[in-house]
Amino acid sequence: MTIIDYIVLCLYLLGVAWLGTRFSKEQHSTEDFFLGGRNIPWWAIGLSVMATQASAITFIGAPGWGYEGGLERITTYINVPLAVAFVVSTLIPFFYRAQIFTAYEYLENRFGSGTRTTIAVVFLVARGLATGVILYTPSLVLSVMTGWSVSICILIMAFLSVSYTVMGGISAVIWTDVVQMVFLWFGTGISIFLVLKSVPGGLEGVVQVAQEKQFLNALNPSWDITETYTLFAGLLGGVIWHISYFGTDQSQVQRMLTAKSENQAKQSLMIAGLLMVPQMLLFLWIGIMLYVFYQDRAFDNVNQVFPTFIVEELPMGITGLVIAGVFAAAMSSLDSVLNSLAAVSVKDIYSRYIKRNASENHYLKVSRWLTIGWGLYATIAAFFVENMGSVIEAVNKIGSFFYGPILGIFLLALLTRRISGSWATVGLLGGVVAVFAVDWLTNISWLFYNVIGVVVCLVLASLGRFLAPLPIEVAAQYKDRITWHSLNSWWTWALLLYFIIMMVLLA
């Protein structure tokens, strides 16, 4: 890197620090720190969601996917419009009307405090592990760029990310994400232009090689459940995975809860429903282009392909801009996850079991300290990521151990009335155990872990409907239900039509 590249990076980091400092002055309560006073506009929330989806994991991992297998990996994400349609029409309305801080707080009204606590702990473990992957990815880029060890880069990135997250709360997270989205898209656009300019034959040459390697076969019709990147896996396991991610993962739900109204909460998630698939296609195309560019070069890890191109091939100044885009991607993902981990720790655990009825100032201080604690946890987890293969697949696989059972609990809450909290917890834990057993004993694709988790959870919990049902008078007080009327909305039909159009274009 040249001095100009370093200047660009320093200006970016100074800008992030300024935003964090600016919003730190507005943090007077946990509602400010975790929910932004419930006063964030929908378009900013939507861009924040997209910035998280275009994380450093996507920025680096998706080109690695494209480099290995072309467009077939899009089947993992082709289901996003369907998942968003379900979440927007069902889960978001119930969450927003309940005026809650965390998604798991909602479950206490239906199943009791035990189920809420159990599922909160499951989230903390799962998300904490995945956060280590998020931290490792930009550290990998820094290692390629500077020649430092990955371990040193992990420590540097952890310090920068945690410091920023502690200062600004969710308001700084969202508004910084808006700025970071601009950096990330700009870096992506520059990368595509310069890769095409560098490969023999330009776009025509890329398409020719991609066709020869069958990289443009996006929709794999195989029914083999040991294969991950098939249409069957994407439409079955993938849709459950994304419903759980957007509808029950606190890092996503928390953003929806910052909206000014229920309608704006829905609008914000619609942005992800419409843009996530095209965005992923762009990153996969970068990987295909890099395959054409590096046809005769061997890489020990596919996650090194894009960082290597950035450092070795981009001109002076542009390297700094694109690396700033990687920093932006990393920050936009890590800040929100740390904030959500702190939210669940404070609202679902600390304020209920450790210190009740304390002042808002006390809980705000604890929230900041817990953010630091989770940053340390993520740092330790990051040291174990290097041998996990594809970065993006690693974080997705971690989530798939838990997303199915977690979604099962929320479906039980909104589809049944006579299943008790005890049986719901049995279903949750049984689903998690079943997924780990399947991973240990079989070679089934990780996308189907989501299916197994949700099915086992629903089946085990449903036994309680027959063995120890709740009294009718108790069950009658639970009013929230998923109905055909809630699904039959313009949100659903618009996203369904969009899904069909995308399928036709990729076929």
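Divide the volume of the convex hull around the Cα atoms of the stretch 162-206 by the residue count and you get 82 Å³ per residue.
Return one number: the angle in degrees, 0 to 90 and rounded to the nearest 10, between the long axis of the Cα atoms of helix 3-24 and the longest principal axis of the Cα atoms of the chain. So the inclination is approximately 20 degrees.
Were the residues from VAL125 through ASN361 laid out at 0.36 nm apart, the gain over their Cα-Cα distance would be 82.3 nm.
Give the separation of the Cα centroids, the stretch 125-193 to the stretch 6-81, in Å. One Cα centre to the other: 9 Å.
Share of Cα-Cα pairs in the stretch 85-164 beyond 19 Å, in percent? The answer is 58 percent, as a whole percent. Measure nothing fancy, just the Cα-based angle from helix 56-69's long axis to the longest principal axis of the chain, in degrees from 0 to 90, nearest 10. Helix 56-69 sits at roughly 70 degrees to that axis.
If you wrap the tightest convex hull around every Cα atom of the chain and split its volume per residue, you get 136 Å³.
Secondary-structure-derived ellipticity at 222 nm for the chain, considering helices only, amounts to -24000 deg cm²/dmol, per-run term -39500 (n - 2.57) for DSSP H runs with n ≥ 4.
Peptide packing: for 263-271, 220-228, the average count of neighbouring Cβ atoms within 10 Å per residue gives the ranking 263-271, 220-228, highest mean first. The angle separating the long axis of helix 113-146 from the principal Cα axis of greatest extent in the chain is about 10 degrees. When you count the other C-beta atoms within 10 angstrom of each residue and take the mean per peptide, 415-425, 311-321, 162-172 line up highest first as 162-172, 415-425, 311-321.
The THR226 and VAL459 beta-carbon pair, evaluated with R₀ = 22 Å, returns a calculated FRET efficiency of approximately 0.40. In a fully extended conformation the segment linking GLU204 and HIS485 would gain 96.3 nm over its present Cα-Cα distance, using 0.36 nm per residue. Could you check the simple spin-label distance between TYR6 and ALA468, using points 7 Å along Cα→Cβ, in nm with one decimal? In this crude label model, TYR6 to ALA468 measures out at 6.6 nm. Stokes-Einstein diffusion for the stretch 1-135, with the hydrodynamic radius set to the Kirkwood value over Cα pairs and evaluated at 4 °C in a medium of 1.567 mPa s, equals 69 µm²/s.
Readers should treat all values here as calculations from the given coordinates under stated rules, not as data from a laboratory. Since this is a predicted model, take the numbers as computed values, not measurements. Cβ sites come from the backbone with ideal geometry, for glycine too, and all protein chains shown count toward neighbours.
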